[in-house]
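Asker: Take this structure first; my questions come after.
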Amino acid sequence: VVEDLSAVELDPDLLLLLMELVFCLLVGGELGPAHQLHSNILSKMEKRWKLISSPQSLCPLAAKGVAARPGTLLDFRSQDLAEQLTLLDSELFHKIELPEVLLWSKEQNEERSPHLTRFTQHFNSVSFWVRSVIILQDKAQEREKLLLKFLKVMKHLRKLNNFNSYLSILSALDSAPLRRLDWQRNTFETLEEFSSLIDSSSSFRVYRTALAEVEPPCIPYLGLILQDLTFVHLGNPDTLMTSEGSNVNFSKSWQQFNILDTLRSYQQVRYSLQPDSDIISFFNDFSDHLSEEALWELSLGIR
């Protein structure tokens with residue numbers, strides 16, 4: 001049945017059902033059929049990925065004698081990928097308004113914090129896109145190449161002070177579906193080294209120190225800023241009772257102001273980067289990714 005499906009027909013919902021079937025076959029001891037079905041699924045998903053990733057304008061450009069853009073992630077320079085990730089992040093980051101950040105620490109209302117919500121969704125989309133790009137490779141060698149490619153991109157993101165995409169990719173590479181697979185020892189050690197930046201010990205001391213030392217432009221990791229604001233909000237009352245009655249808790253307001261003022265300082269300086277239409281088209285708004293369930297099922301099918 002899978003062999004008769006076109007690449008377009010194999011959508012995420014159908015993929016999840018098929019991977020559940022693979023799992024049932026494995027549990028039932030039907031190793032041969034399970035392996036064959038898994039191989040067919042991966043082959044179809046690879047074709048679907050290439051089909052989705054290909055720009056609609058590729059044929060017309062080639063017909064005009066214009067060089068077609070690269071077709072896979074490995075064809076792009078790591079620095080260029082990092083710069084375009086930063087440019088996309090920056091466009092969303094500078095739209096965020098400080099009041100919606102403060103509001104989010106109190107009630108997490110997506111409708112009242114639209115720009116912050118879009119920025120957060122973008123972070124998650126990039127992360128799941130990275131996982132999908134790697135997990136859809138049938139061969140371990142190809143998965144290894146892509147993981148190393150993303151590590152190189154992260155290196156350039158760090159130079160650009162883009163902690164947002166840096167941590168988005170890191171969350172992908174350190175996710176359960178990828179972490180459980182076999183990797184070369186030096187690859188794993190490099191990933192561990194990159195992970196040290198976001199070590200949660202001592203209230204993320206390593207990351208906070210690195211952030212404090214950067215010269216803008218910079219895109220911070222908003223997750224920690226929101227966490228800090230939430231702690232301030234929950235740990236301090238809005239008013240204090242004194243002998244004169246109820247007064248505004250200026251200490252709480254001052255802490256909130258300092259956090260938001262630091263965020264504002266990062267928004268005041270922009271990157272001088274130029275958009276690359278080929279790479280941005282290749283990213284396709286990072287919408288071509290699998291669900292968490294589908295990623296896990298594919299990972300289980302690999303070994």
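Taken together, the values in this text are just the output of simple stated rules run on the coordinates, not laboratory data. This one's a predicted model, so the numbers in the text were calculated from it and none came from an experiment. When we count neighbours, we look across all protein chains shown, and the Cβ atoms used for this are built from the backbone with ideal geometry, even at glycine.
Asker: Taking R0 as 51 Å, what's the FRET efficiency between Val248 and Arg77 from their Cβ-Cβ distance, rounded to 0.05? Don't skip to the answer; put the middle values down first.
Answerer: Numbers: r = 53 Å, r/R0 = 1.04.
FRET efficiency, Val248 to Arg77: 0.45.
Asker: Now for a different question. For region 88-156, which trypsin sites (Lys or Arg not before Pro) are in a loop by DSSP, counting at most 11 other Cβ atoms within 10 Å? Write down the numbers at each step before the final one.
Answerer: Values: sites: Lys95, Lys106, Arg112, Arg118, Arg131, Lys139, Arg143, Lys145, Lys149, Lys152, Lys155; in loops: Lys95, Arg112, Lys139.
Qualifying residues, ordered by number: Lys139.
Asker: Relative to the compact-globule scaling 2.2 N^0.38 Å, provide the ratio for the alpha-carbon radius of gyration of region 153-303. Please report the intermediate quantities before stating the final value.
Answerer: On the way: Rg = 20.4 Å, N = 151, 2.2 N^0.38 = 14.8 Å.
Dividing the Cα Rg of region 153-303 by 2.2 N^0.38 Å gives 1.38.
Asker: Can you pull the one-decimal nm distance between simple spin-label points at Glu111 and Thr262, each 7 Å off the Cα toward Cβ?
Answerer: 3.3 nm
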